[in-house]
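**Q** I am attaching a structure below and will ask some questions about it afterwards.
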Amino acid sequence: MLKKILEFGHMVRFSHSLFAMPFALGSMWVAANGFRDMSAGETARIVLLILLCMVTARNSAMSFNRIADADIDAKNPRTAGRHLPAGRLNKKSVVAFLVVNGILFVACAFMFNPLAGCLALPVWLLLLSYSYWKRFSWLCHWFLGFAIGMSPLGAWIAIRGEFALFPIFLLVILMLWMGGFDIIYATQDEEVDRQMGLHSVPARFGRKRSLLIALWSHIAMLALCVAFGFVWNMGAAWWAITALMTAAILYIHLFRKSDDLDAMNRDFFLANVAVSVLVMIGLVVWIIMGGDVNALY
């Protein structure tokens, strides 16, 4: 049983939850105004439910991706060892895992407010749909970023029961960030994607131009971070964090010279975690230093 649980955890790359979770937790912190007016019990309930929503949503998206791409993965030497092509898990068990996580996601969303509950199923289906974008559009990288970027907006709606510009800014920042990095990651499959008729930026534009497109996606993300800081007067901590994010982007695009797959995966993981955690720290510090969510309206 433990081995099977570990296999599912590895299949969905549970550790990669760190890419979006800090954005969601930072948005949650701001939406709840630092939990200043909530009891410890209510705070614990909200945090637990948001974590459950994050985990079950990502588990659903990743398991559906493995089901949808099983035949494609089997033909790609880089992905042939994944759980379904390699027979480490069977399709029936992965479908069951998908359904259980989907039910839990929707159920947890309904525990917040009517808007969160009503949006849960459409959002869940939208998350699953990203697996098919590569079949017809090279914009798939930014759609993946959009799917991941919905996490801070979802956390906001879960607590406040309404849309707002603040978390939408966070959504677009995360979309541009993850879209750019997914392009970098996809350069590994440039030739395979072309051979199988799949649409990706590397397959369409080639590796050199793709890396330039990824850079511009990240420059746009930094520009939004600057606008974010000015619009909501985020303070000195946000500017320091924006500078650190700029340094991380410069490293990835200008100073990381190795084409080794393991080095690329390691740098990809660390840079994403670093930026996500930095954004969360910036949001948390803003509230601690006197920022007030009510002033955002």
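The values are calculated or read from the model by the stated rules, or taken from the named source; none is laboratory data. Since we're looking at a predicted model, the values are computed, not measured. As a convention, Cβ positions derive from the backbone with ideal geometry for all residues, glycine included, and neighbour counts pool all protein chains shown. Only protein heavy atoms, including side chains, enter the accessible area calculation; ligands, DNA and RNA are left aside. Shrake-Rupley method; radii C 1.70, N 1.55, O 1.52, S 1.80 Å.
**Q** Grab the Cα-Cα distance for Ser93 and Ile219, subtract it from 0.36 nm times how many residues apart they are, and report the gain in nm with one decimal.
**A** Working: separation 126, 0.36 × 126 = 45.36 nm, distance 4.16 nm.
Going from the current span to full extension adds 41.2 nm.
**Q** Can you compute the modelled spin-label distance between Val273 and Arg135, with each label point 7 Å from Cα toward Cβ, in nm?
**A** Label-label distance for Val273 and Arg135, simple model: 3.4 nm.
**Q** Would the chain count as rounded, prolate or oblate if I go by the C-alpha gyration tensor, calling it rounded below 1.5 in a/c and otherwise prolate when a/b exceeds b/c, oblate otherwise? Could the numbers behind the result be given before it?
**A** Details: a/c = 2.00, a/b = 1.23, b/c = 1.63.
Taking the square roots of the gyration eigenvalues as a ≥ b ≥ c, the chain is oblate.
**Q** Pro77: net charge of surrounding residues, Cβ under 11 Å, Lys/Arg +1, Asp/Glu -1, itself excluded?
**A** On the way: positive: Lys75, Arg78; negative: Asp73, Asp189, Glu191.
Within the 11 Å Cβ shell, the charges total -1.
**Q** Order Asp267, Asp37 by their accessible area, 1.4 angstrom probe, all chains in place, largest first. If you can, show how the numbers build up before the last one.
**A** Working: Asp267 20, Asp37 145 Å².
Largest to smallest exposure gives the sequence Asp37, Asp267.
**Q** While we're here: Taking springs between alpha-carbon atoms closer than 10 angstrom, which of Phe35, Phe169, Phe23 fluctuates most in the Gaussian network model of the chain?
**A** Phe35
**Q** Please report, in debye to the nearest 20, how large the charge dipole of the chain is about its Cα centre when each Lys and Arg carries +1 at its beta carbon and each Asp and Glu carries -1 there. List each step's numbers first, then the result.
**A** Working: 24 positive and 17 negative charges, 137 e Å.
That gives a dipole near 660 debye.
**Q** What does the accessible area per residue of region 152-235 come to in Å², with a 1.4 Å probe and no ligands, DNA or RNA counted?
**A** Working: 3360 Å² over 84 residues.
I get 40 Å² per residue for region 152-235.
**Q** A further question follows. Which value in deg cm²/dmol, rounded to the nearest 500, describes the helix-derived mean residue ellipticity at 222 nm for the chain, given -39,500 (n - 2.57) per DSSP H run of n ≥ 4 and division by the residue count? Working shown, then result.
**A** Numbers: 14 runs with 222 residues, N = 297.
Mean residue ellipticity at 222 nm (helix-derived): -24500 deg cm²/dmol.
**Q** Which of the three applies to region 62-157, rounded, prolate or oblate, going by the alpha-carbon gyration tensor with a ≥ b ≥ c and a/c under 1.5 meaning rounded?
**A** Working: a/c = 3.12, a/b = 1.56, b/c = 2.00.
It comes out oblate by the Cα gyration axes.
**Q** Got a sec? Charge dipole of region 55-147, +1 on Cβ for Lys and Arg, -1 for Asp and Glu; which of Leu127, Val95, Thr56 is way out at the positive end?
**A** Farthest towards the positive end: Val95.
**Q** Then there's this: With a ≥ b ≥ c taken as the square roots of the eigenvalues of the C-alpha gyration tensor of region 168-297, please select rounded if a/c is under 1.5 and otherwise prolate if a/b is larger than b/c or oblate if it is not? Show your work: numbers first, answer last.
**A** Working: a/c = 2.85, a/b = 2.13, b/c = 1.34.
Here region 168-297 falls in the prolate category.
**Q** Ok, one more. Keeping the other protein chains in place, figure out the carbon and sulfur percent of the accessible area of the chain, with a 1.4 Å probe. Intermediate values should be presented prior to the final figure.
**A** Numbers: 9560 of 13670 Å².
So the carbon and sulfur contribution to the accessible surface is 70 percent.
**Q** Then there's this: Could you identify which residue out of Pro122, Pro77, Pro202 has the top mean-square fluctuation in a GNM of the chain using Cα springs shorter than 10 Å?
**A** Highest fluctuation among the options: Pro77.
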